[in-house]
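Below is one structure, written out as structure tokens; the observations come after it.
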Amino acid sequence: MIIILISGESMFKKILLFLILGMMLIGAVNAVDQSSFKAPNNFESIGDGVFVLYDSFKNADEILSVVKFNQHDWDDYTTNDTENKYVVHEVNKTYNYTDSTVNEIGSFELIEVEGNKFIIDFAKNGVENDLKNTYENLIEFNKLNNVTPIEK
């Protein structure tokens with residue numbers, strides 16, 4: 001075993017460098033990702049930015065998806081496709097949609113946090129359902145996370 005004696009000043013510099021690198025690593029680990037958001041109204045996280053609100057029979061009643069923004073996904077979300085029965089309407093930088101093909105309704109928006117953009121999507125089965133719940137949950141999400149919708 002080799003023991004190297006280091007002078008006090010040199011040791012101080014090495015410890016300081018180690019602490020600075022450690023703080024940078026902690027900052028990178030604490031960066032915003034899909035799982036760092038708070039979900040409203042008893043939604044349970046199932047990982048990777050997906051949260052589920054269960055009904056009294058433990059069936060998924062509503063799903064919150066936090067998706068990292070990319071242009072292709074955004075175009076899919078915001079483009080009406082009447083042939084595939086997907087219709088979207090913009091309301092104050094938020095969007096409501098019905099998707100008859102997969103029997104789903106929902107509300108979504110685009111947000112930006114610390115330079116990262118995310119699509120926030122609340123979806124519910126059944127096109128006969130009212131969009132009131134998904135929209136209210138979207139607004140509650142914004143309050144809990146102190147975010148507002150942005151324009152692309």
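Between N80 and K93, what length comes free when the chain is fully extended (0.36 nm per residue of separation minus the Cα-Cα distance, one decimal in nm)?
Details: separation 13, 0.36 × 13 = 4.68 nm, distance 1.61 nm.
3.1 nm is the gain from fully extending N80 to K93.
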Original post:
If you plug each phi of region 38-44 into the Karplus form 6.51 cos²θ - 1.76 cosθ + 1.60 with θ = phi - 60°, what whole-Hz ³J(HN,Hα) values come out, in order, with x for Gly and Pro?
Top reply: 8, 9, x, 6, 6, 5, 10
Subject >> Three-way shape label, region 104-146, alpha-carbon gyration tensor, a/c 1.5 >> reply: oblate
Original post:
For N129, which sequence-distant residues (separation of 5 or more, or a different chain) have an amide H within less than 5 Å of its own amide H, given hydrogens modelled in the peptide plane?
Top reply: none
Original post:
Highest mean first, what order results for 68-79, 44-55, 98-109 on Cβ atoms within 10 Å?
Top reply: 98-109, 44-55, 68-79
**OP:** Name the shape class, rounded, prolate or oblate, that the alpha-carbon gyration tensor gives for region 34-145, where a ≥ b ≥ c are the square roots of its eigenvalues, rounded holds for a/c under 1.5, and otherwise prolate holds if a/b is larger than b/c and oblate otherwise.
**Re:** oblate
Subject >> Cβ crowding within 10 Å averaged over residues, with 82-94, 120-132 ranked highest first >> reply: 120-132, 82-94
**OP:** Taking a cut-off of 30 Å between Cα atoms, list the lysines near K152, but don't count ones fewer than 8 places away on the same chain.
**Re:** K38, K68, K85, K93, K117, K124, K132, K143
**OP:** Would you work out which of P40, T79, S65 lies farthest towards the positive end of the dipole of region 34-145, given +1 charges on the beta-carbon of Lys and Arg and -1 on that of Asp and Glu, about the Cα centre?
**Re:** P40
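All of the numbers you see were taken from the coordinates with simple rules; none came from a lab. Treat the numbers as computed from the prediction; the structure is a model and nothing was measured. Here the Cβ is made from the backbone with ideal geometry for all residues, glycine too, and neighbour counts use every protein chain on show.
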